[in-house]
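The values are calculated or read from the model by the stated rules, or taken from the named source; none is laboratory data. Just so you know, these numbers come straight off a predicted model, no measurement behind them. For neighbour counting, all protein chains shown are included, and Cβ atoms are generated from backbone atoms with ideal geometry for every residue, glycine included.
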Amino acid sequence: MIGRSPAPIPPNLLSPHPVHSSPSQSPLSLREQPDGSTKKVCYIAAHTAVIFDCVSKTQLVLQGHCNPITCLVATADRSYVATADAGPDAMIVVWCVATGEPARTIPSPSPHGIGAMDITPCGKHVAAVSAPPPGFGVSEVRRAYDTETESEHPDAAGANIAAEQEVYVYDLPDLGPAGGDDDDDDGADDLEPSLIGVVPEGDPQVCVKFHPTTTRELATNGAKRVFFWLADGGERDSAKETDDGASNAGSSPSARSGEASFAGNDARVMRYYSPPVSARDFKQTVGGFTVAAFIPPQIGDISYKEKGGGRCVVGTRDGDVVVFDSGGVPPGGAAAAEAIGIKPGDRRAIKILRLHTRGAVTALGVVAAVGPGAASNQTYLVTGGADGNVRFFDHRLRLVAWFDGLATGRVTSVSFTADGAPGGSQPSPSNALAYDSDSDSDVDGPIGKLTAPDFIIGTDQSKVFGLRSAAFEALGSRGAVESAELLAEGTFDPLVTMTPHPHQPRLCCVGAGSWLWLWDYEKRETVVRKDFGIGAHKTSPKHSAAAYRADGAGIFVGTQTGTLKALDPDTLAEVQTMRFTPHRVQKIVVSDDPGCSFAAVSDDGGCVSLFELLGPVREPRSLEEESERVFEFVGKHRAHGKDAHIVGLEFHTRLNGEIELVSCGAEGRLVRFDVKNSTAEGGVKLLGVSDDVLGGRAAGGTSIPTSMRFLPHARDGDGDAGAQDEDEDSMKQHVSPRLLVADDSYKVRTITLDDFVCVKTVLGPTYGGPLSHMTAFGGDAGNTHLVYAHPDKVLGVSALPLDGDPARAMGMIAHPGSVGVVVLGHDGKAVFTIGGGSVPGDAGSVLNAWGVNARALDDSIAVAVEAAGDGVGAVADRFAALLEGGADGEFYREAKDYFLYAQLRAQGEDATRDRAAGLGGTVALSELPKLMRALGHFPTEHELRDMYVELNAEGYDASSSISFDRFVAIYVNHRSVFAVEREDIDAAFEALGADAEIGRGIDRKDLYRTLTHEGEPMTRGELDAAAVALFGEGATLNDLIAKETDARSFAEDVLGFAPAAEDVTVGAAA
């Protein structure tokens, strides 16, 4: 059944190992929340959150979301973090930092998930904003204010969303002490919001913030508008007091738009108002809004006792902050304000201040002063900008300290230790700071001494720095920045591809920009890195593919402009470079023979190029030493069409030492190259080409190959590699290597290389689209397994040989989107995946590592087999899980009935004697086509030939019979996954010259010629027999095919499709 969820994966089959991520590619960028004693940071890595210990370099991966995480916030003491995602089956999860276990799980009330979130310091309340519908994603909204020039994304900032957003407030049950046991609570909650609000259409909200002194007031902002939300009809002074202090400093998750239904919900609806902000009122342009923060109310402020006073500041893309405060006369007068829902005492925009001069305000937060010399009532407004600077301001928005010049990209977040987060209690006269609400002071010189806690900065260059606040007073701004400690570092570029070292725990990572680096996945550190876009290589083309030499003594890298580079594996220095094609390099492979003799490269032009390798790649160690040539270009061959992506290119060393090279194109062509006899003078030679074995477009078929791999030696001859010593020489000479080829119809075919014959066809795993990656590896006790990936989310492991049994393959969600690249570690114990974009070759945001325990799969298979027993139909029952209705369904019962009927027919339908029939019996192989057709699958002659070849390889011959178990397996593996639909008939007629728009059909003679000469030709006798079957005795070809036939009449009158007006599609002939 296509698109079914992955089967439950055995424990420890694929266990997450350290994540190597690119926070700059995350929708929310980095959100780190440090633990003051152990230097931990927490950040988003696609659909997981990672708690990284900066001292021990260990990770605790928080897994639970199926979609990309859009929000990450924390309680004041950092004992809990909360995450939310956007997409189907989204949820909010509150995690215990100490254990990594979920403390609370709240299903998203919106069908599109959550786009923005905030949590109160005590963790008792969560505010969330729904995510947008598909088509206007997280990144689009975020870019609306990340971009410094609005012209780069003119539609993002001002896009109108034809769906309402909703704002929710949840009252959480007591979380309890972090790390404590709670045997009576599994953390799963079916909570409903206590407060809801509906955002007017037109401006996607990208941030939500709690008021620091009450949970009954919120602020949200989009690029154009700021909304204030009030509970209880907006009566702030009636809002109940909480134990919360100021909201979480530095947290600024993004938001999107969506819609939800609260029928039957007891939640109260919040009142909102949106103060106008006009360039005319401030006599200057106002940039798009970015993030917001509340400044706590202070003693002396008239609004202090109202539990909702103080100011709100909102950053802009121009580097300004807009200050909102209550009181005064609103622009246009009280009547005009009342007309748009603004009441006396509501906030209005009172001033604009420029806090960053070279880009947007990207982070805003409030932090309490700590340490000796800090006033008990002192707080700071902290800002981070696209200019890479972090600045501290006092309660009157006067500059106190600045950390400028870090020069590592845009600041994405500023976060403080738990000691610096504003406390978990309400401000009181002893710890609140007064300010003059009538002050109009702008940012002037530095005021006072900085007594803030230490903090960390995240940047869009995938770095996390720790800074000491005291260093500003001791060393000044420059010295404080120069003393910053690099706590964590992600990928230097979004990842395009990677290649594993054959003998060491290293990956060569290729960035989408100009970076290459070697990552030690055991030590979790970068060994060496190089930027190929600096100095003389400023215009260096971007890299697109990479491969190690089989002995590890060199790295080959291809570029988008058709260049091959040979790099020193220790320094990444270029030793030799050659441009050999104008097309982008798709893939590089290196022969696995002991001499590491050849490399092959596929490109976007459909060509395969062959290179002879001359020796290890080594950078000269002195100026006197000259570089040696490490490869020679042999030639290239256009093996595939320009429009046919080369989905597979592989070397294979036979048991007798001969080197094989095979390519597979999306058009369905397999090409075998003559590596031994290819020369620079004679060019690249071929040993064979097959267009029909895969049934692809090259042979007039429809299937499209998606992946190709050689099977390991242990399976070359179905186990013959383990034969006795006296047969070893003979085996080396005669065993044909075998290929696995997956296609878009979910089939995986086993092809013998020597004669291009399909000896087995099985239904591959169907969890997330056709297989896009396959890699075989050895397991315990000589068993071999296959790591595979689907293009959508799923990574899995299957036992070899493949037989279609669903119990022999398991899968799990590895990435929230596409799985772009899959490679196996040098020892076969780890798999590495890159989560890519929607287009093959897109840069990925996260590199995940997975420990592989193949024994867990073998044990699971043994349990499944034992549970099914060895009785009649035991194997068939497992395959029946892939049929409509499963083992208990009507379809499976029909399969049994037809099998029994075939036994009765073989004994004579008119017999008067007793006849025996049972599922324990067999039917003749000659009955196989009839059984297939009876169950709705109409195989072509080519497909029937593949079935008989497969059975023949298992020892069957023309006189053999087949058991029920084997019949069900053959049917499931070979039947078409997709039924023929009306659209397919329309497309076929259009290809033959019909035009439905002008009512032109196909002439009878032309259709007859096509049926009798194209594809698998039909005879005149077969067509006449079909006419009799459909229209009765005496019917002829003229009754079967009208003088002019269109797709609709052919589908309904000949194939038996339901009339189009009924809008019903039938996949089989009547």
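List of remarks:
- Any chance residue 559 is within 19 Å of residue 834 (Cβ to Cβ), buried (at least 21 other Cβ atoms within 10 Å of the Cβ), assigned by TED's automatic domain parsing to the domain that holds residue 602 and at pLDDT 95 or above: no
- Annotation note: Cβ proximity below 6 Å between a residue of region 615-628 that is closer than 17 Å to residue 569 by Cβ and a residue that is among the small types (Gly, Ala, Ser) (sequence gap 6+ or interchain) occurs for 616/553; 616/554; 617/554; 617/566; 619/573; 620/627.
- The one condition from (1) over 30 Å from residue 808 (Cβ atoms); (2) surrounded by 17 or more Cβ atoms within 10 Å (Cβ to Cβ) that residue 969 does not meet is (1).
- Single condition residue 408 does not satisfy, out of (1) touching a strand residue (DSSP E or B) at 6+ places or on another chain (Cβ under 7 Å); (2) under 30 Å from residue 486 (Cβ atoms); (3) at pLDDT 90 or above: (3)
- Region 713-757, residues that are assigned to a loop (DSSP other than H, G, I, E, B), modelled with pLDDT of 85 or more and not hydroxyl-bearing (Ser, Thr, Tyr): 737, 744, 753, 754, 755, 756
- Conditions (1) modelled with pLDDT of 90 or more; (2) under 22 Å from residue 852 (Cβ atoms); (3) assigned to a strand (DSSP E or B); number of the one not met by residue 771: (3)
- Top-ranked residue of region 329-350 - restricted to ones that are surrounded by 18 or more Cβ atoms within 10 Å (Cβ to Cβ) and out of contact with any helix residue (DSSP H, G or I) (no Cβ under 6 Å at 6 or more places or on another chain), ranked as farthest from residue 312 (Cα to Cα): 337
- Some residue of region 354-365 being surrounded by fewer than 20 Cβ atoms within 10 Å (Cβ to Cβ) and within 19 Å of residue 325 (Cβ to Cβ): yes
- Every pair of residues 6+ apart whose Cβ atoms lie under 6 Å, when the first sits in region 457-470 and is in the same structural domain as residue 364 (by TED's automatic domain parsing) while the second is among the charged types (D, E, K, R) and surrounded by fewer than 21 Cβ atoms within 10 Å (Cβ to Cβ): 463/489; 466/485; 468/454; 469/454
- Test: residue 841 is touching a Ser or Thr at 6+ places or on another chain (Cβ under 6 Å), at pLDDT below 85, of a type in the set (Gly, Ala, Ser) and in the same structural domain as residue 645 (by TED's automatic domain parsing): no
- All positions within region 670-700 that are in a strand (DSSP E or B), touching a Lys or Arg at 6+ places or on another chain (Cβ under 9 Å) and of a type in the set (Val, Ile, Thr): 675, 679, 684, 689
- Residue tally, condition modelled with pLDDT of 90 or more, under 25 Å from residue 698 (Cα atoms) and outside any strand (DSSP E or B), over region 994-1009: 4
- Filtered by the rule that a residue be under 24 Å from residue 947 (Cα atoms) and loosely packed, with under 15 Cβ neighbours inside 10 Å, region 906-923 gives 918, 920.
- Only one of the numbered conditions (1) part of a loop (DSSP other than H, G, I, E, B); (2) touching a Pro at 6+ places or on another chain (Cβ under 9 Å) is not met by residue 788, and that is (1).
- Test: residue 383 is among the polar types (S, T, N, Q), in the same structural domain as residue 458 (by TED's automatic domain parsing), touching a Pro at 6+ places or on another chain (Cβ under 8 Å) and crowded, with 20+ Cβ neighbours inside 10 Å: no
- Screening 27, 88 for residues that are part of a loop (DSSP other than H, G, I, E, B), under 17 Å from the mean Cα position of the chain (by Cα) and either over 17 Å from residue 845 (Cβ atoms) or modelled with pLDDT of 90 or more (or both) leaves exactly one candidate, 88.
- Filter pass, residue 628 being exposed (fewer than 15 other Cβ atoms within 10 Å of the Cβ) and modelled with pLDDT under 95: yes
Here is a yes/no grid of residues against (1) at pLDDT below 85; (2) aromatic (Phe, Trp, Tyr); (3) crowded, with 18+ Cβ neighbours inside 10 Å; (4) on the phi > 0 side of the Ramachandran plot:
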| residue | (1), (2), (3), (4) |
| --- | --- |
| 181 | yes, no, no, no |
| 199 | no, no, yes, no |
| 206 | no, no, yes, no |
| 217 | no, no, yes, no |
| 238 | yes, no, no, no |
| 244 | yes, no, yes, no |
| 249 | yes, no, yes, no |
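- Residues that are at pLDDT below 90, aliphatic (A, V, I, L, M) and surrounded by fewer than 24 Cβ atoms within 10 Å (Cβ to Cβ) within region 92-131 comprise 97, 98, listed in sequence order.
- Residue within region 988-997 that is within 23 Å of residue 743 (Cβ to Cβ), surrounded by 14 or more Cβ atoms within 10 Å (Cβ to Cβ) and not assigned by TED's automatic domain parsing to the domain that holds residue 764 present: yes
- Close pairs from region 209-221: first touching a residue at least 60 places away in the same chain (Cβ under 8 Å), partner among the polar types (S, T, N, Q) and buried (at least 24 other Cβ atoms within 10 Å of the Cβ), Cβ under 7 Å, at least 6 apart: 209/247; 210/120; 210/247; 212/247; 215/120; 220/205; 221/205
- Only one entry in 529, 468 is more than 21 Å from residue 824 (Cα to Cα), surrounded by fewer than 18 Cβ atoms within 10 Å (Cβ to Cβ) and under 28 Å from the mean Cα position of the chain (by Cα), namely 529.
- Verdict on residue 224 being surrounded by fewer than 22 Cβ atoms within 10 Å (Cβ to Cβ), at pLDDT 90 or above, within 17 Å of residue 116 (Cα to Cα) and not small (Gly, Ala, Ser): yes
- Taking region 391-417 as the range and being aromatic (Phe, Trp, Tyr) and in contact with a Gly (Cβ under 8 Å, 6 or more places away or on another chain) as the test, only 416 passes.
- Of the strands (runs of 3 or more DSSP E) lying entirely inside region 627-669, those containing at least 3 residues that are in contact with a His (Cβ under 9 Å, 6 or more places away or on another chain) and under 23 Å from residue 557 (Cβ atoms) span 659-665.
- Tallying residues that are of a type in the set (A, V, I, L, M, F, W, C), modelled with pLDDT under 90 and touching a strand residue (DSSP E or B) at 6+ places or on another chain (Cβ under 6 Å) within region 337-364 yields 1.
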